[in-house]
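Engineer: One structure is given below, represented as structure tokens, and several questions about it will come after.
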Amino acid sequence: VLIAYSIYYLRLRTIARQRQLLEEQVTERTIALKLANEELDKEIHRRAEFNRALVHELKTPLTAILASTELFVDELAGDPRLGLANNIYQAAKNLDRRTDELLDVTRGEIGLLTVSPVTSDVRSLFQTTIDTLKPAATRKRHSLTLDITGILPPIAIDEDRLRQVLYNYLGNAIKYTPDGGHITLKI
């Protein structure tokens, strides 16, 4: 009985030591993980600050470009160069949207991105997106069409977010479709 008790006691001590070692390892790794998470949070905030500063630096000259091209478009009414001026203006608006998207990405990374759904008729949003991207499609000799079958009921959407998705989706289709392709947004 004494031998069995001694073996049992030694086994319990070995298990207790192993448990203590494992608890120490868990504590060390938890501390290391906490430090790594804190460093990651700091890096995310540094990146967010950099992106905010970058967007601000891009927005300043872009505002002047947008105002100037809008005025230029207004003054060229009836001039054959109006189409070219409109393309410059649309490109500047697109760049403005892209800088807003960069800011949205930053907001999303730090948990500040908001979605504001409003009940809307999406048909006009789809058509406007197609119309805006047609010059880019034409440059690559693509046909870009909108095919809406059936009735689209009003739905709750965040128009800005949906517009971003559509621009990215159709922009990639235009970019990666071989010249002379047919691109259809079918709804």
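Engineer: Among the residues of the stretch 107-120, write down those that are among the aliphatic types (A, V, I, L, M) and either open to solvent by less than 70 Å² (accessible area, probe 1.4 Å) or in a strand (DSSP E or B) (or both).
Structural biologist: Taking the stretch 107-120 as the starting set, the residues that turn out to be among the aliphatic types (A, V, I, L, M) are 110, 112-113, 115, 118.
If the condition is that a residue be among the aliphatic types (A, V, I, L, M) and either open to solvent by less than 70 Å² (accessible area, probe 1.4 Å) or in a strand (DSSP E or B) (or both), then I110, V118 are the ones that fit.
Engineer: Quick test for you: out of A92, A53, A77, pick the one residue that is small (G, A, S) and surrounded by 13 or more Cβ atoms within 10 Å (Cβ to Cβ).
Structural biologist: Step by step, each of A92, A53, A77 is checked, and only A92 is small (G, A, S) and surrounded by 13 or more Cβ atoms within 10 Å (Cβ to Cβ).
Engineer: I'd like the full set of residues that are open to solvent by 20 Å² or more (accessible area, probe 1.4 Å), farther than 19 Å from I148 by Cα and in contact (Cβ under 8 Å) with a residue 24 or more places away in the chain, limited to the stretch 172-187. Break it down stepwise before answering.
Structural biologist: Within the stretch 172-187, the subset open to solvent by 20 Å² or more (accessible area, probe 1.4 Å) is 172-173, 175-180, 182, 184, 186-187.
So of that shortlist, the ones also farther than 19 Å from I148 by Cα come out as 172, 175-180.
Those that are open to solvent by 20 Å² or more (accessible area, probe 1.4 Å), farther than 19 Å from I148 by Cα and in contact (Cβ under 8 Å) with a residue 24 or more places away in the chain: T177, D179, G180.
Engineer: While we're on this one: Can you tell me how many residues in the stretch 139-155 are at pLDDT 90 or above and either in contact with a Phe, Trp or Tyr (Cβ under 9 Å, 6 or more places away or on another chain) or in a helix (DSSP H, G or I) (or both)?
Structural biologist: 2
Engineer: All but one of (1) open to solvent by 60 Å² or more (accessible area, probe 1.4 Å); (2) assigned to a loop (DSSP other than H, G, I, E, B) hold for R123; state the number of the condition that does not hold.
Structural biologist: Here R123 clears every test but (2).
Engineer: While we're on this one: Let me confirm something: among D147, D179, D158, D104, which residue is within 20 Å of L58 (Cα to Cα) and out of contact with any helix residue (DSSP H, G or I) (no Cβ under 6 Å at 6 or more places or on another chain)?
Structural biologist: One residue alone meets the criteria, D104.
Engineer: Let me ask something else about it. List every residue pair whose Cβ atoms lie under 6 Å apart, where the two residues are 6 or more positions apart in sequence or sit on different chains, the first residue falls within the stretch 97-123 and is acidic (D, E), and the second residue, located anywhere, is open to solvent by less than 50 Å² (accessible area, probe 1.4 Å).
Structural biologist: If the second residue must be open to solvent by less than 50 Å² (accessible area, probe 1.4 Å), the pairs left are E101/Q164.
Engineer: While we're here: Pairs under 6 Å by beta carbon, first residue closer than 12 Å to L103 by Cβ in the stretch 47-64, partner at pLDDT below 85 and not in a helix (DSSP H, G or I), six or more apart or different chains?
Structural biologist: A48/I110
Engineer: Name every residue in the stretch 1-23 that is under 51 Å from the mean Cα position of the chain (by Cα) and either open to solvent by less than 100 Å² (accessible area, probe 1.4 Å) or β-branched (V, I, T) (or both), in order of residue number.
Structural biologist: Of everything in the stretch 1-23, just one residue is under 51 Å from the mean Cα position of the chain (by Cα) and either open to solvent by less than 100 Å² (accessible area, probe 1.4 Å) or β-branched (V, I, T) (or both), namely E23.
Engineer: So, in the stretch 1-53, exactly how many residues are within 28 Å of T106 (Cβ to Cβ) and polar (S, T, N, Q)?
Structural biologist: Selection size over the stretch 1-53: 2.
Engineer: Just to be sure before I move on: is L166 in contact with a Leu (Cβ under 6 Å, 6 or more places away or on another chain) and either surrounded by 15 or more Cβ atoms within 10 Å (Cβ to Cβ) or at pLDDT 90 or above (or both) in the structure I sent?
Structural biologist: no
The values are calculated or read from the model by the stated rules, or taken from the named source; none is laboratory data. For clarity, every value in this text was computed on a predicted model and none was experimentally measured. With ideal geometry, Cβ positions are generated from the backbone for all residues, glycine too; neighbour counts draw on all protein chains shown. Side chains included, ligands, DNA and RNA excluded: accessible areas come from the protein's heavy atoms. Shrake-Rupley method; radii C 1.70, N 1.55, O 1.52, S 1.80 Å.
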